[in-house]
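Input: a single structure, listed below in structure tokens.
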Amino acid sequence: MSVLTDKQRLSWRRYVGEGAVLGPPLVFFTACFILPLLYLFVVSFLEPSQVELYEKQLTIDNYGRVVTDEFYLMIIGRTLLATALVLVISLLLAYPAAMVIARFEPKWRIRMLALLLFPLMVSNVVRAYGWISILGRRGIANTILLDLGFIEAPLALLYSFNAVVLGLLTILLPYMIISIANALAAIDRSYTEAAESLGAGPFRTFWHVTLPLSSPGVASGCLIVFFLALSAYVTISLLGGPRFKLLVSLVFDTVVTLQWPRAAALSFILLLLALAGGAVILALTRPQRVRGRRA
Amino acid sequence: MTEVDVSLRAVRKSYGDVVAVADLTLDIPRGAFFSLLGPSGCGKTTTLRIVAGFARPDCGDVLIRGQRVTEVPPYRRDYGMVFQNFALFPHMSIADNVAFGLRMRRVDRGSIKRQVSESLALVKLAGYEHRFPNQLSGGQQQRVALARALVLRPAVLLLDEPLGALDAKLREEMQVEIRDLQRQFAISTIFVTHDQDEALTMSDAVAVMNHGVIEQLGTPREVFERPRTEFVARFMGAGNIMEGRVVATNGAVQTLDLGAGSVRARDSGKRSGERVLVTVRPENVSLAREAGDLGVRANVVSVVYHGATTHVHLVAGPADAVMPMVAHLPNRSASDTEWQRGETVYCRWNEESTIFLADRP
Amino acid sequence: MIAGRLLLYLAFGLCLALVLGPIAVIIGISFSPIDGFAFPPTGLSLRWYASFLASEKLLDSLLFSFRTALTVAVLSLILGTLAALALARRRGLLAASIQSLFMAPMVFPTIILGLAILLFVRVISAPLWLGLIVAHVLISTPYCFRMVTGSLQAFDPTLEEASQSLGAGPIRTFAYVILPLIWPGMMAGALFAFIVSFGENNAALFLTSPGYSTMPIELLGFLQFPGNQLIVAAASTVQVGLIVVLIVLMERLVGLARIVRGDRRG
């Protein structure tokens, strides 16, 4: 152990001044990440203004309006419902899919994960457009159904709650699958073998051993899916259409109409929702059960 | 006076509350193969790292060839080092690995090429210049690491458990090879190991370390046959530690009472009645079923067959002060006595085999 | 048991279809000869690629996206590498918090990040495109940070000591030993940063302006009006092709395994 601390001590400190290495990224993140967010936070407590960005007058009205207005509350409720639905469905689909992938040989597992990673790199505009061309009035689904004579007139599949949930689900599903598959693949086979040798059948082995051991992957998958679902504006607006709103759409609308303090307040409500949801996810999945192991 | 290549003067190093090296003073004469031997955490590796400059002592001084290098960074000290995992640069060919130190010293190209092939030939790896480390076996990597360190003709060679990563058979071969190279170069060498066999077979001098202190420094023979402390005795495999007192001195021979029986020893200078701590190497112990004037009474706990020898584990002494003992008996013929578990026997050894240890602190 | 396994594979197949289906559809219809979709397909044509190449607006945005992504990749690489060098072998609460700060933009709502930077840009009267680059550097740096950290953790610290023991000082040790060993990770991180910036569309919503618009934002504009939408399919296919090329490059550099782990957000 003494050797290790020594190596650490030697590694970088003596090389280049530590400040010179850590300095630039730290300054950049402070100036361009923390500072603008703090500023946004301050703005969320200022009076709106017709001519300026804001009036220099403190108020909590920007928040008050949101939590008392029924429209906002309805939107928040709908946002939570949509994200919860996305979360549950993606978990139900991703877990079995991850189990399949985790059983592949390492070489094929990695290729499969790369195949799932690839769509994540494609712009969300493009991926949402894929669903538009499938579900649109003149899209693939309607054309085929019409041509085959199942329907008389095109179905309105787009611009609905369902379309948004489907879009978010497919855009975020890879995160969940990759997280869980990596966690499952990291579980030492001897654990499940030990459980089986002690008389647990496949279902009880899964329930008492595999599922708890995979909880870090489930937790990180759920957190990512939840955070990104809350803020995936482009997907929501393309598949929900101009009239279907979630909380993040309101942030965008208020910015476009230049109501800066209101937009700021809505942003922090969104962040608060994200944090609260994150806490609930952690409380339910309890990934700390397998701390100390890499998953 | 012989020339000294490395000396440590009252070197001290602690990590937090843990003292890794406590006021160590050490001189390594030119050309000596010097081993630092001890269990993990005894401070041997820290001592080596202090010489190498990877650890800075809290106080004390390090000298290489008479020059004080305590504050000199590692890359300006005159030594070559072989690391436990060899630490060959994976992105460089064997030739580039060996040439690295020469390049850093800005030796000219032609001379580098010549020296690299010379030193690869020396470790029997001529023709491997363009291979890469991951294409070599463990033993070959070890030789490259040696060549890389020796090509610089350093004042001192530092070996940090360099055989730990090799399997048993290869290890023995490399022991011989390293020792041959060391003699050929007549280079002062500090060898860190936790394996007493390695230290005994390779070294001119062995320092047995414990808790940051050198418990005993001597030739392999001295350390093995005449351990001075209980720790050294145990570490060298002489586990029979016994307390007793001097009861009689008769010329050069003393009689000791060990509680479970009496033994003889060479005169230690201790007076009658004085408390003593002694040990005897297991291979010097013989067993008998008959009681006599001398001999420690003990019960056989287990008998383990080891091929050339049989190890008989015993307990001696009263229930409240049990002394575990062990005897290694040579297996000479089928007529050797068969010892049975539970039987009472008498352990004997001649007076030269009784070794006095420093009293327990 | 058999039924259970069948169910697993059914879910797996459904996931693949849902995730890859839309992209496959876009590639398919980008070759459509008519403005729309016909079943069964009536033939193949490259007319939408031709109109993509004829659209100055889209080509300009493609070029702008490319330049932005390149700038972002270089800056993220520098910041991410520095951060990784400083933190890769540090333990303790402070190091962990700084590390979380550098990783945070990966999960932070990008639209809020975009808004915060837009407001900031307004206040200090900086050009909007600078804000876009700043936002994208923030979003991309975690990828470089993670890739380089992976490289640093993968290599044996005794190599540094070996280098020093052979007479190489800190600068030469960095140049001859550390840099060559973390170089693939750095390049893979830069490619990641490029891809992330190239496809980013939430922060860019606020931070683009006429003439300084990225391709996803231009495509978004096209989708708001009916007709001629297949030009988007062609442009998207071009983007997908570019990403495939970059993934192959990364695979060559560090292997797929590192990429798959490198993107595990959170």
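Given axes a ≥ b ≥ c from the Cα gyration tensor, I'd like to know whether the protein assembly as shown is rounded (a/c under 1.5), prolate (a/b larger than b/c) or oblate.
Prolate, since a/c reaches 1.5 and a/b exceeds b/c.
Given the C-alpha centroids of segment C:195-240 and segment C:124-168, what is the distance between them in whole angstrom?
So the separation of the two Cα centres works out to 29 Å.
Once you charge only the Cβ atoms, +1 for Lys and Arg and -1 for Asp and Glu, what is the size of the charge dipole of the protein assembly as shown about its Cα centre, to the nearest 20 debye? Walk me through the numbers before you get to the answer.
Numbers: 82 positive and 67 negative charges, 198 e Å.
Approximately 940 debye in magnitude.
Given a Förster distance of 56 angstrom, what is the FRET efficiency for C:GLU56 paired with A:ALA153, based on the Cβ-Cβ distance and rounded to 0.05? Write out the running numbers ahead of the final one.
On the way: r = 38 Å, r/R0 = 0.69.
My answer for the efficiency is 0.90.
Would you list, by chain and number, the aspartates and glutamates whose Cα falls below 20 Å from the Cα of A:LYS56, excluding same-chain residues fewer than 8 positions away?
Straight-line reach from A:LYS56, under 20 Å: A:GLU47.
Determine the shielding of peptide A:172-181 by partner chains: average, over its residues, the number of Cβ atoms on other chains within 10 angstrom of each Cβ.
On the way: counts 1, 5, 5, 4, 1, 5, 5, 3, 0, 1.
Partner-chain Cβ atoms within 10 Å, mean over residues of A:172-181: 3.
What list of ³J(HN,Hα) values in whole Hz, one per residue of segment C:26-35 in order, does the Karplus curve 6.51 cos²θ - 1.76 cosθ + 1.60 (θ = phi - 60°) give from phi, with Gly and Pro shown as x?
4, 4, x, 6, 5, 9, 5, x, 10, 7
Cross-link candidates for B:LYS13: which lysines have Cα within less than 23 Å, leaving aside residues fewer than 8 places away along the same chain?
Once the sequence-local lysines are set aside, what remains near B:LYS13 is A:LYS7, B:LYS44.
Please label the shape of segment B:227-298 as rounded, prolate or oblate, based on the square roots a ≥ b ≥ c of the eigenvalues of the alpha-carbon gyration tensor (a/c under 1.5 means rounded; beyond that, a/b larger than b/c means prolate, else oblate).
Since a/c reaches 1.5 but b/c is at least a/b, the shape of segment B:227-298 is classed as oblate.
Give me the percent relative contact order of segment C:1-113, please, defined on Cα pairs under 8 angstrom at least 6 residues apart.
Relative CO of segment C:1-113 lands at 11 percent.
Take every residue in peptide C:199-207, count the Cβ atoms of other chains within 10 Å of its Cβ, and give the average of those counts.
Average neighbour count from other chains, rounded to a whole number: 5.
How compact and how long is segment A:32-169, expressed as Rg and Dmax of its alpha-carbon atoms in Å?
22.4, 64
What spacing in nm lies between the two simple spin-label points modelled at A:SER160 and C:PHE66, each 7 Å away from Cα in the Cβ direction?
4.2 nm
Which value in nm describes the separation of the simple spin-label points at B:VAL72 and A:GLN50, placed 7 Å from the Cα toward the beta carbon?
8.1 nm
List every residue whose amide H lies under 5 Å from the amide H of A:GLU47, counting only residues 5 or more places away in sequence or on a different chain, with H placed 1.01 Å from N in the peptide plane.
A:GLU55, A:GLN57, A:THR59
Could you tell me what % of all Cα pairs in segment B:159-268 have separations over 22 Å?
Tail of P(r) above 22 Å: 48 percent of Cα pairs.
Rank these for me by crowding, B:HIS313, C:HIS136, B:HIS130, going from fewest to most other beta carbons within 10 Å.
Numbers: B:HIS313 18, C:HIS136 31, B:HIS130 10.
Ordered from fewest to most neighbouring Cβ atoms within 10 Å, B:HIS313, C:HIS136, B:HIS130 come out as B:HIS130, B:HIS313, C:HIS136.
Identify all aspartates and glutamates with a Cα-Cα distance to B:LYS169 below 15 Å; exclude those on the same chain that are fewer than 8 residues away in sequence.
Cα-Cα hits under 15 Å: B:GLU177, B:ASP195, B:ASP197, B:GLU198.
On the Cα set of chain C, report Rg and Dmax in Å, please.
For chain C, the Cα radius of gyration and maximum Cα-Cα distance read 22.1, 72 Å.
Please give me the summed charge of the neighbours of A:SER237: other residues whose Cβ is under 14 Å from its Cβ, Lys and Arg +1, Asp and Glu -1.
Spelling it out: positives minus negatives among the neighbours equals +2.
Under the rule a/c < 1.5 gives rounded, and otherwise a/b versus b/c splits prolate from oblate, where does segment B:238-356 land using the Cα gyration tensor?
Here segment B:238-356 falls in the prolate category.
Ranked by Cβ crowding within 10 angstrom, fewest neighbours first, how are B:GLU129, B:GLU198 ordered?
B:GLU129, B:GLU198
Please list, in order, the residues from segment B:77-112 whose amide nitrogen is less than 12 Å from a point placed 7 Å along the Cα→Cβ vector of B:ARG65.
B:77-80
With only Lys, Arg, Asp and Glu charged, each at its Cβ (+1 for the first two, -1 for the last two), find how big the charge dipole of chain B is about the Cα centre; round to the nearest 20 debye.
1220 debye
In nanometres, what is the gap between the two model label sites at B:ASN250 and A:TRP108, each 7 Å from Cα along Cα-to-Cβ?
Computed distance between label sites B:ASN250 and A:TRP108 equals 8.4 nm.
Quick one: if you take sqrt(5λ) for each eigenvalue of the C-alpha gyration tensor of segment C:42-131, what semi-axes come out, biggest first, whole angstrom?
Largest first, segment C:42-131 gives 37, 19, 13 Å.
For chain A, max minus min Cα coordinate along each principal axis, in Å, sorted largest first?
70, 68, 34
Using θ = phi - 60° and the Karplus relation 6.51 cos²θ - 1.76 cosθ + 1.60, list the HN-Hα couplings for segment B:140-152 in order, rounded to whole Hz, with x at every Gly or Pro.
Working through the residues one at a time gives 5, 4, 4, 5, 4, 4, 5, 4, 4, 6, 7, 4, 7 Hz.
Using amide H atoms built 1.01 Å from N in the peptide plane, name the residues 5+ places from B:TYR15, or on other chains, whose amide H lies under 5 Å from its own.
Placed amide hydrogens put B:ALA20 under 5 Å from B:TYR15.
For segment A:193-232 and segment A:51-89, what is the separation of their C-alpha centers, rounded to whole Å?
Computed from Cα coordinates, the inter-centre distance equals 33 Å.
Once the Cβ-Cβ distance between C:ARG252 and A:THR257 is put in as r, and R0 is 51 Å, what FRET efficiency do you end up with, to the nearest 0.05? Display every interim value, and only then the final one.
Numbers: r = 48 Å, r/R0 = 0.95.
For C:ARG252 and A:THR257, the calculated efficiency is 0.60.
With a 10 Å Cβ neighbour count serving as the proxy for reagent exposure, in which order, fewest first, do C:LEU101, C:LEU159, B:LEU88 appear?
C:LEU101, C:LEU159, B:LEU88
Ordered by residue, what ³J(HN,Hα) values in Hz, to whole numbers, does segment B:339-345 give under the Karplus form 6.51 cos²θ - 1.76 cosθ + 1.60, where θ = phi - 60° and Gly and Pro are x?
8, 10, 4, x, 7, 8, 9
Suppose a student asked you for the relative contact order of chain A, using Cα pairs under 8 Å spaced at least 6 residues apart; what percent would you report?
Normalised by residue count, the contact order of chain A is 24 percent.
Calculate log10 I(q)/I(0) of segment B:4-229 for q = 0.15 Å⁻¹, where I(q) comes from the Debye formula with a single equal point scatterer on each Cα and nothing for solvent.
The Debye formula, applied to the Cα set alone, gives -0.99.
Efficiency by 1/(1 + (r/R0)^6): what FRET value for B:ASP257 and C:GLN153, r their Cβ-Cβ distance, R0 = 45 Å, to the nearest 0.05? Display every interim value, and only then the final one.
Working: r = 61 Å, r/R0 = 1.37.
With R0 = 45 Å, the Cβ-Cβ based efficiency is 0.15.
By how many nm would the segment from A:LEU198 to A:ALA279 grow when fully extended, if each residue of separation counts as 0.36 nm and the alpha-carbon distance is taken off? Intermediate results must be reported in sequence, preceding the final value.
On the way: separation 81, 0.36 × 81 = 29.16 nm, distance 3.51 nm.
Extra length from A:LEU198 to A:ALA279 when fully extended: 25.6 nm.
Taken together, the values in this text are just the output of simple stated rules run on the coordinates, not laboratory data. As the structure is a prediction and not an experimental result, all values here were calculated from the model. So basically every Cβ, Gly included, is an ideal-geometry build from the backbone, and we count neighbours across all protein chains shown.
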